[in-house]
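Colleague: Okay, handing you the structure first.
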Amino acid sequence: MWTRGLKAAAFGVAALSAGALAAQDLTQVTFVQPSPSAINSFPVFVAIGEGYFADEGLEVRVESINGSGAVLQALAAGQAEFGRPGPGPVLAARSRGVDAVFIYNVAARTNFGIVVEEGSDFQTPADLKGTVVGTGTADGAEVGFARNVLSGSGLTEGEDFTFLTVGDGGPATAAFSRGDISAYAASTADAAILNQRGVKVRDITPSEFARFFGNGLATMGETIRERPELVEAFGRAFARGHAFALDDANRETVLAHLKAGNPQEGEDADFASALFTAVRSKTFPIDPSQGLGYQPPEVWEEWQAAQVANGEMAAPLDDLSAAFTNAFVPAWNAGIN
């Protein structure tokens, strides 16, 4: 056991916290996620199912929208208190004056990769010169990650390769089958879905990019300053849900909570279980002594350097440290039972 302005899309999920308190006694909170997958946001759905948010006096509504850009727009517009964007989009948003702050590192290891069809001749990102690379969204975290990898391999967008937004799941499968794309910027879940649907893929991302952690918990700076008790309460429940899910003894209970969050995703129990295993594996902390949710400042430096190098940002932020905080992490880990 681990011890230490946009409305919801058509796939949006409303989930109510369990607990004895009546709804009118609970503070209403909205969490926005960049895809409809409950498995990708498993700490939230476990915290809902186990009643951890209710313990904190919170009732959490989960809404699914399209990509990290949309998540950050919803946060900035005051339509949600918390969301799960990627670090690249957070930095890009801050460069435009959006006071979004990363507060919890969920995917401590990257949950993205550039995948190609299993039988293709592509072996490295450099081999993708002259090709089209598919993405799930136009401005999601996977796009920034893929730009980092491809530019790091000496390729220039618009000259050596182009991105094509094809969606995920079925649309991505069709894009490969039609030959619209030669590679795909995939999350762990995307790759699993492609393999399940008969498009066998392999990851050609160089190992050095594994340190680029993925999507995590974010809120607005104003929320931290004006409602720190809400941030503390939400994060404490979130960390408890994360820790509960990392304990193998709780696996069947966790899968039941995730199916309740997205019944369609849980219809194929074997696939849901395999997908959860893959997603969960990315969320174990690289340095357990720092606890769940810790964000390495040096990797933020690397993220920013990559964002500037590939044109996502015109220049480094005046104060990179304002883009993230580990201030709450020790207390949240102390609250894990």
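The values are calculated or read from the model by the stated rules, or taken from the named source; none is laboratory data. The structure presented is a predicted model; accordingly, all values stated were derived computationally and were not measured. All Cβ positions, even for glycine, are placed from backbone atoms using ideal geometry, and neighbour counts span all protein chains on display.
Colleague: Please go through the range 218-242 and pick out each residue that is among the small types (Gly, Ala, Ser) and under 17 Å from the mean Cα position of the chain (by Cα).
Modeller: Step one: filter the range 218-242 for residues among the small types (Gly, Ala, Ser), giving 218, 221, 233, 235, 237, 239, 241.
Passing the criteria: Ala218, Gly235, Ala239, Gly241.
Colleague: For the range 288-313, what are the residues that are part of a loop (DSSP other than H, G, I, E, B) and either on the phi > 0 side of the Ramachandran plot or at pLDDT 95 or above (or both)? Walk me through it before giving the result.
Modeller: Step one: of the range 288-313, the residues part of a loop (DSSP other than H, G, I, E, B) are 291-292, 294-296, 310-313.
Hits for the range 288-313 are Gly291, Leu292, Tyr294, Gln295, Pro296, Gly311.
Colleague: Another question, if that's okay. Can you report the number of residues in the range 317-329 which are more than 19 Å from Phe244 (Cβ to Cβ) and under 23 Å from the mean Cα position of the chain (by Cα)? Spell out the reasoning first.
Modeller: Kept after step one, since they are more than 19 Å from Phe244 (Cβ to Cβ), are these residues of the range 317-329: 317-327.
Applying the additional criterion that residues be under 23 Å from the mean Cα position of the chain (by Cα) yields 317, 320-327.
Looking only at that region, the number is 9.
Colleague: The conditions are (1) within 22 Å of the chain's Cα centre (by Cα); (2) part of a strand (DSSP E or B), and Gly167 fails exactly one of them. Which is it?
Modeller: (2)
Colleague: Mind listing whichever residues of the range 177-191 are closer than 27 Å to Ala107 by Cα and either hydroxyl-bearing (Ser, Thr, Tyr) or touching a Phe, Trp or Tyr at 6+ places or on another chain (Cβ under 9 Å) (or both)?
Modeller: Ser182, Ala183, Tyr184, Ala185, Ala186, Ser187, Thr188, Asp190, Ala191
Colleague: Give Ala146, Ala93, Ala174, Ala108 a once-over and let me know the one that is more than 13 Å from the chain's Cα centre (by Cα), under 30 Å from Ile224 (Cα atoms) and either hydrophobic (A, V, I, L, M, F, W, C) or not in a helix (DSSP H, G or I) (or both).
Modeller: Every option except Ala93 fails the conditions.
Colleague: Give the residues of the range 182-215 that are among the β-branched types (Val, Ile, Thr), within 25 Å of Pro87 (Cβ to Cβ) and not in a helix (DSSP H, G or I), sorted by residue number. Write out each step before concluding.
Modeller: Step one: of the range 182-215, the residues among the β-branched types (Val, Ile, Thr) are 188, 193, 199, 201, 204-205.
Now drop any that are not within 25 Å of Pro87 (Cβ to Cβ), which leaves 188, 193, 201, 204-205.
Val201, Ile204, Thr205, listed by residue number.
Colleague: Among helices (runs of 4 or more DSSP H) lying entirely in the range 25-83, which contain 3 or more residues that are more than 27 Å from Thr135 (Cα to Cα)?
Modeller: Working: elements: 42-49, 52-55, 68-76.
Once the helices (runs of 4 or more DSSP H) in the range 25-83 are filtered for at least 3 residues that are more than 27 Å from Thr135 (Cα to Cα), what remains is 42-49, 52-55.
Colleague: Let me ask something else about it. Among what's in the range 260-271 and is surrounded by fewer than 19 Cβ atoms within 10 Å (Cβ to Cβ) and of a type outside the set (Asp, Glu), pick the residue that is farthest from Gln196 (Cα to Cα). Steps first, answer last, please.
Modeller: First, pick out the residues of the range 260-271 that are surrounded by fewer than 19 Cβ atoms within 10 Å (Cβ to Cβ): 260, 263-264, 267-271.
From the residues that got through so far, the ones that are of a type outside the set (Asp, Glu) too are 260, 263-264, 269, 271.
Details: Ala260: 22, Pro263: 18, Gln264: 15, Ala269: 13, Phe271: 8 Å.
Checked the range 260-271; the qualifying residue farthest from Gln196 (Cα to Cα) is Ala260.
Colleague: Those residues that are in a helix (DSSP H, G or I) and farther than 18 Å from Arg240 by Cα, I need them from the range 259-276; list them, please.
Modeller: Taking the range 259-276 and keeping what is in a helix (DSSP H, G or I), we get 259-261, 269-276.
Residues satisfying the conditions are Lys259, Ala260, Ala269, Asp270, Phe271, Ala272, Ser273, Ala274, Leu275.
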